[in-house]
Amino acid sequence: MNVRVRFPPSPTGPLHMGNVRTLLFNFLFAKKEGGVCILRVEDTDKERSKKEWEQDIIENLQWLGITWDEGPYRQSERTEIYKKYLEKLLKENKAYWCFCSEDILETVRQEQQSRGEAPRYPGICREIPTKEQEDRIANGEKGVVRFIVEPKKVSFTDLIRGEIVFDMALSGDIVIAKDMETPLYNFTAAVDDREMRITHVIRGEDHITNTPKQILLWEALGFGPAPLYAHLPLIMAEDHTKLSKRHGNNSVTRYRQEGYLPSAIINFLALLGWNPGDNREIFSLQELCKEFSLERVQKSPAVFSLERLDWINGEYIRVMAPDTLLKACAPFLPDTASMNQETLAAIVLLQKERLKKLSNITELSEFFFAKKLTYDTAILPWKGAALKATKNSLEATLRILEGIEENDWNKERLETILMPEARKTGDRGAMLWPLRVALTGKKGSPGPFEVAAILGKEKSIARVKSAIEKLQ
Ligand code: GLU
């Protein structure tokens, strides 16, 4: 079989992580099967669809490396195709014009509710003779096109969930177009899946109730056997409710701006519902393309854990070559003009182990760039040492530092000279802790030798002096 899958995002908002998980699974499946991916922009909702969101979708997919072989097709440019099929359904009496007002529909809903029935359209306008329907539309009356849903059982074999049966007697006739120029989702999806010769529809579980409607539309339009369907598990937030806007901004752009790497996002999303069958957790896109299979997609919901994304992202950061890492971090450094490339590279390299996302470098490197450090004097003393003793220790350190030649000022030299002195005090923290705090203004940071080496002699000495002043 020549596998053909679709990426059908609606450009009604920014591309979010949930969308990408679906598109990624389609992509991986197609790659594994040697198939084709089709990008189809589902922009039939004229009010909510925006060009800028289409742009956002395309740019972010390109950034992630999720590519497509055909398209983008836009549903808004395919009105004539849909019209042809709407006319066919109307002509064959498989659909009809419905003139019921919102008020009528509301009254019907309330009556059904009071009888404890599920709300469904009872087919009122189905009784209007076709000729009369056509005349009313021709005379400018407003109507919608309803598709006659046969009250029968519709079943399909979901590639992830197995046999699924829907009783369509509970459904009622569905609206498939607001007018001849404005077809709606279930209809356009069915038509396009056929027109684009889609073999596999892989989408979120939230679409499962649309599937029997689309299968009935395939039957009514004489399209032959419908595609195979696979419904992916829901993505839940850590509070175990469905991941949504309530849980904050989950747009790809946000993660991109915070310094998550495309390879890490792909890796993370692939594991949201799929697993390799063993405990490996790091996969390149190429590996995923080889290993992915729908058989290994779970039915139960997948939990979106930011902690896991951070961990995966950190793993990818740690294997980046120094040059690549510096380039990637550059936009997040507080100031790249005041220091040379070598110093910047040293800063980034020093903090590499601590980065969960590239933007962490801003906070982690701030103290290197600061003109003046601000911190609480109380953090200078080591383990309950007195201020006086701390001051004395820093003064002793200062004298040693002043004696070190400018061109001897590097991490190894500093360590060779200062370490024996620190050991002499019995507890080396007594000397090294205040020095490190004086250089960084922080309780936690890389060690004093690394930091002093990057700061250089002049800045390091100035910072030690300023700490001594604070202790006066
Ligand atoms: N445009 C729909 C969405 O974004 C696509 C649903 C489908 O895959 O059929 O949810």
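Taken together, the values in this text are just the output of simple stated rules run on the coordinates, not laboratory data. The shown structure was predicted, so the numbers you read here are calculated from the model rather than taken from an experiment. For neighbour counting, all protein chains shown are included, and Cβ atoms are generated from backbone atoms with ideal geometry for every residue, glycine included.
For segment 316-394, take the convex hull of the Cα atoms, compute a quarter of its surface area, and give me that in nm², please.
Projected over every direction and averaged, the Cα hull of segment 316-394 covers 6.8 nm².
Fewest first, what order do Glu77, Glu287 take by the number of other Cβ atoms within 10 Å?
Glu77, Glu287
Compute from the Cα atoms of segment 150-303 the Rg and the Dmax, the latter being the longest Cα-Cα distance, and quote both in angstrom.
Just the Cα atoms of segment 150-303 yield Rg and Dmax of 18.3, 53 Å.
What is the sum of charges, Lys and Arg at +1 and Asp and Glu at -1, for the other residues whose Cβ falls under 14 Å from the Cβ of Met339?
After counting each charged neighbour, the total is -2.
Find the cysteines in the chain that fail to meet the 4.7 Å Cβ criterion with every other cysteine, and list them.
Cys37, Cys100, Cys289, Cys329
Could you tell me what fraction of 2.2 N^0.38 Å the Cα radius of gyration of segment 1-124 comes to, as a two-decimal ratio?
Scaled against compact globular proteins, the figure is 1.43.
In segment 144-194, with Lys and Arg counted as +1 and Asp and Glu as -1 at Cβ, which of these residues, Ile174, Leu184, Pro151, has the Cα nearest the positive end of the dipole, that is, farthest along it?
Pro151
From the mean inverse distance of alpha carbon pairs (Kirkwood) and the Cα radius of gyration, derive Rg over Rh for segment 246-309.
0.98
Check each of the GluC sites (Glu not before Pro) in segment 173-240 and keep only those in coil by DSSP with at most 15 other C-beta atoms within 10 angstrom; list them in order.
Passing sites in segment 173-240 are Glu181, Glu238.
Of the GluC sites (Glu not before Pro) in segment 291-358, which ones lie in a loop per DSSP and count no more than 10 other C-beta atoms within 10 Å?
Answer in residue order: no site qualifies.
Any idea what the dipole of segment 1-55 comes to, in debye rounded to 20, about its Cα centre with Lys/Arg Cβ at +1 and Asp/Glu Cβ at -1?
It works out to roughly 200 debye.
Which entries of Lys31/Lys352; Lys352/Lys388; Lys83/Lys152 have Cα-Cα distances beyond 29 Å here?
Beyond 29 Å: Lys31/Lys352; Lys352/Lys388.
Each residue of segment 62-70 in turn: what ³J(HN,Hα) in whole Hz from Karplus with 6.51, -1.76, 1.60 and θ = phi - 60°, glycine and Pro shown as x?
Using θ = phi - 60°, the values come out as 5, 4, 6, x, 8, 9, 10, 9, 9 Hz.
If we restrict to alpha carbons, what Rg and Dmax does segment 231-373 come to, in Å?
17.7, 59
With +1 on each Lys and Arg Cβ and -1 on each Asp and Glu Cβ, how big is the dipole of segment 171-293 about its Cα centre, in debye rounded to the nearest 20?
Using only the charged Cβ atoms, the result is roughly 200 debye.
List the relative contact order of the chain as a percent without decimals, with contacts defined as Cα pairs under 8 Å and 6+ residues apart.
The normalised contact order for the chain reaches 12 percent.
May I ask for the angle, rounded to the nearest 10°, between helix 457-470 and the longest principal axis of the chain, with both axes built from Cα atoms and the value confined to 0 to 90°?
Once rounded, the angle reads 80 degrees.
Using the crude model of +1 on Lys and Arg Cβ and -1 on Asp and Glu Cβ, and no other charge, please compute the dipole size for the chain relative to its Cα centre, in debye to 20.
Computed about the Cα centre, the dipole is about 1240 debye.
Rounded to the nearest 500, what is the 222 nm mean residue ellipticity of the chain from helices alone, with -39500 (n - 2.57) per DSSP H run of 4+ residues and division by all residues?
-14000 deg cm²/dmol
Ranking Cys100, Cys37 by Cβ neighbours within 10 Å, fewest first, what do you get?
Sorted ascending by nearby Cβ count, the order is Cys100, Cys37.
For the chain, compute Rg over Rh where Rg is the Cα radius of gyration and Rh is the Kirkwood radius from the inverse mean 1/r over Cα pairs.
Computed over Cα atoms, the ratio is 1.18.
Quick one: check the C-alpha center-to-center distance for segment 425-472 versus segment 8-22, whole angstrom.
Their Cα centres are 49 Å away from one another.
Taking amide hydrogens as modeled 1.01 Å from N in the peptide plane, which residues meet the under 5 Å criterion relative to Asp158, leaving out close sequence neighbours?
The answer is Glu163, Ile164.
Checking a compactness column here: for segment 353-472, what do you get for Rg(Cα) / (2.2 N^0.38 Å), N being the number of residues?
1.02
Hey, what do the phi angles of segment 371-381 turn into as Karplus ³J(HN,Hα) couplings, whole Hz, using 6.51/-1.76/1.60 and θ = phi - 60°, x for Gly and Pro?
Once rounded to whole Hz, the list reads 6, 9, 7, 10, 7, 7, 3, 4, 8, 5, x.
Give the distance, in whole Å, between the Cα centre of segment 152-173 and the Cα centre of segment 185-237.
12 Å
Give me Ser155, Ser445, Ser114 sorted ascending by neighbouring Cβ count inside 10 Å, so fewest comes first.
Ser114, Ser155, Ser445
May I ask you to derive the relative contact order of segment 49-202, considering only C-alpha pairs under 8 Å and at least 6 residues apart, and to give it as an integer percent?
It rounds to 22 percent for segment 49-202.
Counting other Cβ atoms within 10 Å of each Cβ, which trypsin sites (Lys or Arg not before Pro) in segment 1-108 have at most 11 and sit in a DSSP loop?
Lys46
For segment 150-251, what proportion of DSSP beta bridges, expressed in % and rounded to the nearest 5, is antiparallel?
60 percent
Binned at 10 Å from 0, what are the whole-percent values of the Cα-Cα distance distribution for segment 142-214, short to long?
Bin by bin from 0 Å, the calculated values are 17, 46, 33, 4, 0.
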